[in-house]
1. Can you find, among A:Leu359, A:Met116, A:Gly198, the residue farthest towards the positive end of the dipole of chain A? Put +1 on the C-beta of Lys and Arg, -1 on that of Asp and Glu.
2. What shape does chain A take by its C-alpha gyration tensor, where a ≥ b ≥ c are the square roots of the eigenvalues and a/c under 1.5 counts as rounded, a/b above b/c as prolate, and the rest as oblate?
3. What is the sum of charges, Lys and Arg at +1 and Asp and Glu at -1, for the other residues whose Cβ falls under 11 Å from the Cβ of A:Glu70?
4. Just order A:241-251, A:309-319, A:48-58 by mean Cβ neighbour count inside 10 Å, highest at the front, would you?
5. Quick query: amide H of A:Trp308 versus all other amide H atoms, modeled in the peptide plane; which residues come in under 5 Å with a sequence gap of 5 or more or a different chain?
6. Tell me, what ³J(HN,Hα) does each residue in region A:223-228 have, in order and in whole Hz, if you take phi through Karplus 6.51 cos²θ - 1.76 cosθ + 1.60 with θ = phi - 60° and put x for Gly and Pro?
7. Projecting each Cα onto the charge dipole of region A:352-466 (Lys/Arg +1, Asp/Glu -1 at the beta carbon, about the Cα centre), which of A:Thr381, A:His426, A:Tyr402 comes out farthest on the positive side?
8. Once the Cα atoms of region A:117-235 are picked out, what are the Rg and Dmax in Å?
Amino acid sequence: MSVRVRFAPSPTGPLHIGGVRTALYNYLFAKKLGGTMILRIEDTDRSRFVPGAEDYIIESLQWCGIQFDEGVHVGGPFTPYRQSERAAMYREFVDDLLNAGRAYYAFDTPEELEQMRQRLTAKGVANPQYDHHVRMEMQNSLALSSEEVERRIRQGVPYVVRFKIPELAEVTLYDLVRGEVTVHAATLDDKVLFKSDGMPTYHLANVVDDHLMQITHVIRGEEWLPSAPLHSLLYEAFGWKAPEFAHLPLLLKPDGNGKLSKRDGDRLGFPVFPLEWKDPATGEVSSGYRESGYIPEAFINFLALLGWNPGTEQELFSMEELIEAFSIERISKKGAKFDVDKARWFNHQYLKNMDDDTLTDGLMALMAEKQLVPDREYAKTVTRLVRERAVFIKDLFEQGGYFFQAPQHYDEAVAAKQWKPENKPHLEYIAGILESHSTADGLRLKELAMQYVKENNLPTGQIMNSIRLALVGKSMGPDLFEIIPLLGVQESAARIRKALAIL
RNA sequence: GGUCCAUUCGUCUAGCCAGGUCAGGACGCCAGAUUUUCAUUCUGGUAACACGGGUUCAAAUCCCGUAUGGACUACCA
C-alpha cells in the first residue's frame, strides 16, 4: 500500500515554525517513498477559529516549497478536507461506538464536572479525572436508567459522548521515533469524543478522518504522545487498523527551557512564524522569516536539521536532497533548541550561491523602497563587490549604500584612530592625483597612490583608512581601488575634499 | 501531584541497537595567516558522554536507581 500522510493544523492563528517542521517531515517522508501528502484543516473548535489563518497556513507552506497532493486548497478524492464541512459524517461513527457499548452519553454540566474534581482532590486522589473511578457516580447513560437517558435526550438536555476506556492493564503502542510506549489504561480518562455543540473533538475526528482518508503514517508533534494510547484504543474499538505513529521532538526556546512559543520570537529578536502575521483581533504584528529576509530554501534546510540528521557530514541540502536523504529512523528523540546564529549562517550560505542578477533584483527593490532609482548595471557591479559581506539581501544596501549616497557622517571611532591632521596635505594631494586621471584605470590609480605614500614615507594604514573614511564613512568595504573607479575619480576626490573640510 | 517522554561540547548533533576510536562534524567563540578596513577564505584552538550503582578484561554504548528538564493532564487542538 502506498504511503499517505497528512499535515493537519488548526486555523487558530499563524503557523508556528514547529508546525512548519512537522509539515516538512511529513512531506519529506511522503516524497521519499513516492507517497501522498495531504493538507487537512482541523477546525472542529468553532470558538477558536481565526479568520485568515487557513490562508496564512497555505501561503506559508507554499513559500517553504512544501507541496500537497490533496487538501483543502487542491481538492482530492476524499473531499472535503475541512473538518467543519465533514461534521455530519462523524455522528454515525459515534453511534457505532454507542451501540457497541464502547462509548456513553454524559449530561454533566461544567459545574458538576468542577465539583467532581474538587471532591476527588479533597479526598486526596492524585489524578482527579472522569474515569472508571467516578463514571458510575456521574450523570451519564452508564449510571442513569435507560428511560431517564431517553427522556433527557428527548427534552433536549445537552450532552456529550464519552469514550469508555476499557479495563485493560496497559496499552502499548509502537512509535517510529521512540519505540514502544506503554501506559497504564487505568490512568486514562473517559475523553469526550463528541461535544454538545454537535462537533467531534480532535480525538474522534482525527481517528475517523485518518481512517477514512487511508492515512498510513501519523507524523505529529510530541505534545500528542500522551493521547496516542487513547487513539490506539479508538482504532481498536472501531475495529480499524491503526496507522504507524511518529511523534516528533519539540522545538525549544533558545534560552532556558520549554516549548518555543509565540512570545519568544519578538523577545529574543527572531521570528517564530514563517510569514509576518497581523492578529485580526488585536492588530498585533508578529514578524516572519520571509519578511526578515530569509531565503526559503535556507530556512527549510536549517529547520530540517533541527531534530533530524542525515548521518553524514553534509550540511547543505536542497529540498530534493533532503527528500533523498530523509528517514524517520534518524529523527532525534530530544527536543531541539532554536539557534538564531545557525539560521543566519544557513542564509549566508544560500545567499553566496545566488547569482548576481537575483541579488541585484533584491538590491534594486530595496532602493526603490527608498525612492532611489539607480542604474541597473551600476547596481549589479555594487552587488558583485559587496555580496560576500551580506547575510541577507537587505544587507546589500547596508554594505553598499555609500555607492549611491555620499556619507552623511563619519564614524567617530575610526576618525579618532586614523584621521590625523598631519596627513591632511597628503590626502589633498591624493585627491589631486585622482582628479587628474581616468576613472577606468583602478590599478594605475592604486600604483600612483601607493607610490606617493612610499616616497613620502607615510603610514599606509592611516592614509588608506582615512580615504576609506572619506568615501565610505566608516571602516568597511572592498579594496579602495575597487571602490574609486566605480564611484568615479571626480566623486571620490570630492568626497575626500568634503571630509577634509569637515574633519 | 499524576501519566508519558527525554538527557553527548554554550547550541545542532555523530557515535549507542550489533561494548574496545586521543568521543567526530557544524554553528558560535578565541587566536593566527591574508589585507589599507570590514567581510570572505584558510589554519589552529576552546569545549561534552547529568549523577550513582551494577554486568564485563573493557561501558557514552547494556541493566537498575537518582537527579534534572519537558510534554500532557478542557465539551482546545
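Computed from the coordinates by the stated procedures, all read-outs in this text should not be read as laboratory data. Source: prediction; values computed, not measured. Cβ sites come from the backbone with ideal geometry, for glycine too, and all protein chains shown count toward neighbours.
1. Result: A:Leu359, furthest along the dipole toward the positive end.
2. The shape class here is prolate.
3. Values: positive: A:Arg4, A:Arg6, A:Arg40; negative: A:Asp69.
In short, +2.
4. Working: A:241-251: 19.8, A:309-319: 13.1, A:48-58: 17.0.
Packing proxy ranking, top to bottom: A:241-251, A:48-58, A:309-319.
5. A:Ser332
6. Calculated HN-Hα couplings, in order: 4, 8, 4, x, 9, 4 Hz.
7. Positive-end residue among those listed: A:His426.
8. 16.5, 49
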